[in-house]
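The values are calculated or read from the model by the stated rules, or taken from the named source; none is laboratory data. Since the model is a prediction, treat every value here as computed from it, not as a measurement. Please note: Cβ atoms are built from the backbone with ideal geometry, for glycine as well, and neighbour counts cover all protein chains shown.
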Amino acid sequence: MVSRVIPVAPFDLVVFGATGDLARRKIIPGLFHRFVVGQMPKDARLIGVARREMQSSEFRDFIRDSLLEFALRAPDDKEQLDAFLDVVTYVCVDAAGDTGWTELQAKLRDDAVRAFYLSVAPALFGEIADRLSAYGMATPLSRIVVEKPFGKDLETAQALNQTLRRNFAEEQIYRIDHYLGKETVQNLMALRFANSLWEPLWNATHIDHVQITVSESLGVEGRGEYYDQSGAMRDMVQNHLMQLLCLTAMEPPSDYNPDAVRNEKVKVISALKPALPEDIVRGQYRETPGNKDSYRDHAKDPHSRTESFVAMKVNVGNWRWSGTPFYLRTGKKLRARSSEIAVVFRDPPHMIFPKMEGRRGNALIIRLQPDEGITLRTTIKEPGPGGLRLAEVTLDMTFADALAGGGDTQDAYERLIMDVIRGDQTLFMRGDEVEAAWNWVDPINAAWEASSREPEKYDAGGSGPEDALMLLHREGRRWREIG
Ligand code: NAP
């Protein structure tokens with residue numbers, strides 16, 4: 001399969017926070033990869049911005065080191081480094097003051113798309129957006145890109161949206177949830193809406209339940225103090241898991257365009273029933289002989305109640321999904337780093353074969369990581385003589401194998417940055433979508449904060465707290481193994 005690379009129009013990409021972790025590991029390597037494959041036009045430019053005093057030449061050295069560490073995929077890539085660095089410059093700007101803005105403005109071209117990527121603390125978003133306007137840089141050809149967190153509740157998200165919209169139209173605002181840039185997540189839409197096979201089965205009549213798991217093997221480590229203000233519900237459920245749920249549950253949009261897709265996602269969020277306390281399990285990893293540091297060691301608060309794990313049952317209150325629960329699960333320090341959506345089908349209404357011990361039934365598993373791909377669990381006759389016994393086998397497609405020799409394995413950030421330049425918002429969250437998600441999550445958090453319950457402790461390297469297993473067991477179901 002030959003991948004198509006469609007060049008984009010000339011652009012000036014301004015990265016605020018260009019010396020930070022996200023810029024070094026994801027944004028700039030992402031751009032470099034698009035340069036290597038020829039998608040970035042030769043007259044496109046990358047302008048790094050941060051507070052520290054630095055010459056463009058020093059910044060280029062810094063970028064070279066970052067690319068050598070994070071970005072080289074093929075031996076030939078190294079040869080492209082100098083050509084890429086030719087388009088890189090640096091301006092020292094204090095986002096919270098008046099230093100550097102005029103110099104930045106002077107660097108921008110009037111006739112090129114300009115994208116301002118705010119890879120800085122969210123507290124600076126408002127000041128930057130206001131100054132971009134004040135210095136005449138927010139033009140019709142501008143786009144502004146912001147990273148999560150988009151607020152910490154409905155009120156702060158509304159305030160952030162107002163700040164951004166004061167200076168940019170909604171069509172110019174790109175809220176990144178990098179999960180939406182993952183190949184498999186988009187493939188979920190292709191799978192559902194480009195095949196006639198699934199749609200007749202994609203409802204409560206045929207689907208018993210859906211499991212969405214995003215598990216991490218790492219703990220909070222160096223981010224402990226930041227994470228302690230957030231927790232898994234705000235950091236993962238409100239955004240990444242909610243997006244996966246929406247794409248699984250939404251109605252077919254009338255078209256593959258940003259508003260048609262996002263309208264359907266908002267409808268799903270609006271249809272979510274309030275989550276009941278007994279349907280939510282919060283956990284926190286503890287010290288074990290094999291894991292010397294507990295969550296609380298990193299959070300610095302020995303009494304922290306912030307959850308590093310959430311499992312919950314979610315009901316979508318609409319015709320399609322009534323009676324089919326969605327179980328969400330996410331956590332840190334679990335057995336493996338793995339993300340998947342498992343759509344588990346109902347049993348046949350009448351079974352003519354002898355009962356098969358341990359039979360789990362049909363399931364379609366969409367793997368986001370590792371090994372992006374799709375698996376269909378199906379039941380066959382166990383080979384061999386001695387009567388008809390059933391066995392479960394999987395039809396397995398790993399994209400890297402299926403698309404070998406030409407599948408374009410883009411990182412999520414690569415794709416999303418190019419979408420910003422092209423002006424395609426399909427894979428970005430709209431303001432009302434973010435607010436709807438907080439509107440649903442806020443009462444859950446308020447109830448938790450008003451309670452005196454402690455998160456349930458779980459061992460590092462396991463599957464999460466016991467109660468999370470019970471969430472499914474009590475209904476005669478079970479989680480898939482993590483990893
Ligand atoms: P970081 O490593 O702390 O980098 C912050 C950057 O902002 C630095 O380049 C810093 O450079 C610059 N900066 C700070 N204050 C500034 C000011 N007043 N004016 C101009 N520049 C300023 O942060 P990060 O981890 O890259 O995260 C950036 C954003 O992405 C945050 O909103 C974070 O929540 C979000 N995010 C990060 C990740 C990740 O994996 N890192 C993932 C998802 C979302 P100077 O100190 O030189 O100014």
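Among (1) crowded, with 17+ Cβ neighbours inside 10 Å; (2) more than 12 Å from the ligand (Cβ to nearest atom), there is one condition K148 misses while meeting the rest; what is its number?
(2)
What number of residues in region 132-180 are in a helix (DSSP H, G or I), over 24 Å from the mean Cα position of the chain (by Cα) and of a type in the set (A, V, I, L, M)?
Number satisfying all stated conditions: 2.
When you check D177 against the structure, is it among the acidic types (D, E), surrounded by fewer than 17 Cβ atoms within 10 Å (Cβ to Cβ) and within 16 Å of the ligand (Cβ to nearest atom), yes or no?
Details: among the acidic types (D, E): yes; surrounded by fewer than 17 Cβ atoms within 10 Å (Cβ to Cβ): no; within 16 Å of the ligand (Cβ to nearest atom): yes.
Taking the combined requirement at face value, the residue does not satisfy it.
Name every residue in region 44-75 that is in contact (Cβ under 8 Å) with a residue 40 or more places away in the chain, more than 15 Å from the ligand (Cβ to nearest atom) and exposed (fewer than 15 other Cβ atoms within 10 Å of the Cβ), in order of residue number.
Once the filter is applied, which keeps residues that are in contact (Cβ under 8 Å) with a residue 40 or more places away in the chain, more than 15 Å from the ligand (Cβ to nearest atom) and exposed (fewer than 15 other Cβ atoms within 10 Å of the Cβ), region 44-75 yields only R73.
For A402, work out the one condition from (1) at pLDDT below 85; (2) closer than 20 Å to Q39 by Cα; (3) touching a strand residue (DSSP E or B) at 6+ places or on another chain (Cβ under 8 Å) it doesn't fulfil.
(2)
Can you confirm whether F11 is within 13 Å of the ligand (Cβ to nearest atom), at pLDDT 95 or above, within 20 Å of R415 (Cα to Cα) and touching a strand residue (DSSP E or B) at 6+ places or on another chain (Cβ under 9 Å)?
No.
Conditions: (1) away from the ligand (no atom under 14 Å from the Cβ); (2) modelled with pLDDT under 95. E171 meets all but one. Number of the miss?
Going through (1) away from the ligand (no atom under 14 Å from the Cβ); (2) modelled with pLDDT under 95 one by one, E171 breaks only (2).
Could you list all residues from region 209-262 that are among the hydrophobic types (A, V, I, L, M, F, W, C), surrounded by fewer than 20 Cβ atoms within 10 Å (Cβ to Cβ) and more than 16 Å from the ligand (Cβ to nearest atom)?
Answer for region 209-262, where residues must be among the hydrophobic types (A, V, I, L, M, F, W, C), surrounded by fewer than 20 Cβ atoms within 10 Å (Cβ to Cβ) and more than 16 Å from the ligand (Cβ to nearest atom): just A260.
Check D21 against each of (1) closer than 19 Å to V420 by Cα; (2) within 16 Å of the ligand (Cβ to nearest atom); (3) not β-branched (V, I, T) and name the one condition it does not meet.
Only one criterion in (1) closer than 19 Å to V420 by Cα; (2) within 16 Å of the ligand (Cβ to nearest atom); (3) not β-branched (V, I, T) is unmet by D21, namely (1).
Condition check: within 24 Å of G476 (Cβ to Cβ), crowded, with 17+ Cβ neighbours inside 10 Å and touching an Asp or Glu at 6+ places or on another chain (Cβ under 8 Å). Does I365 satisfy that?
Considered against the rule, which asks whether it is within 24 Å of G476 (Cβ to Cβ), crowded, with 17+ Cβ neighbours inside 10 Å and touching an Asp or Glu at 6+ places or on another chain (Cβ under 8 Å), I365 comes out as yes.
I need a count of the residues in region 181-216 that are free of Cβ contacts under 8 Å to residues at least 12 places away in the same chain and not in a loop (DSSP other than H, G, I, E, B).
2
Given (1) modelled with pLDDT of 90 or more; (2) surrounded by 19 or more Cβ atoms within 10 Å (Cβ to Cβ); (3) not basic (K, R), where does L22 come up short, assuming only one miss?
Here L22 clears every test but (2).
Just one of the numbered conditions (1) modelled with pLDDT under 95; (2) more than 17 Å from the chain's Cα centre (by Cα); (3) of a type outside the set (D, E, K, R) is not true of Q186; which one?
(2)
Could you list, in sequence order, the residues of region 246-284 that are more than 27 Å from V185 (Cβ to Cβ) and touching a residue at least 60 places away in the same chain (Cβ under 8 Å)?
P277, Q284
Can you name the residue in region 80-128 that is among the polar types (S, T, N, Q) and within 11 Å of the ligand (Cβ to nearest atom) and is also nearest to G151 (Cα to Cα) among such residues?
Per the criteria, the residue is S119.
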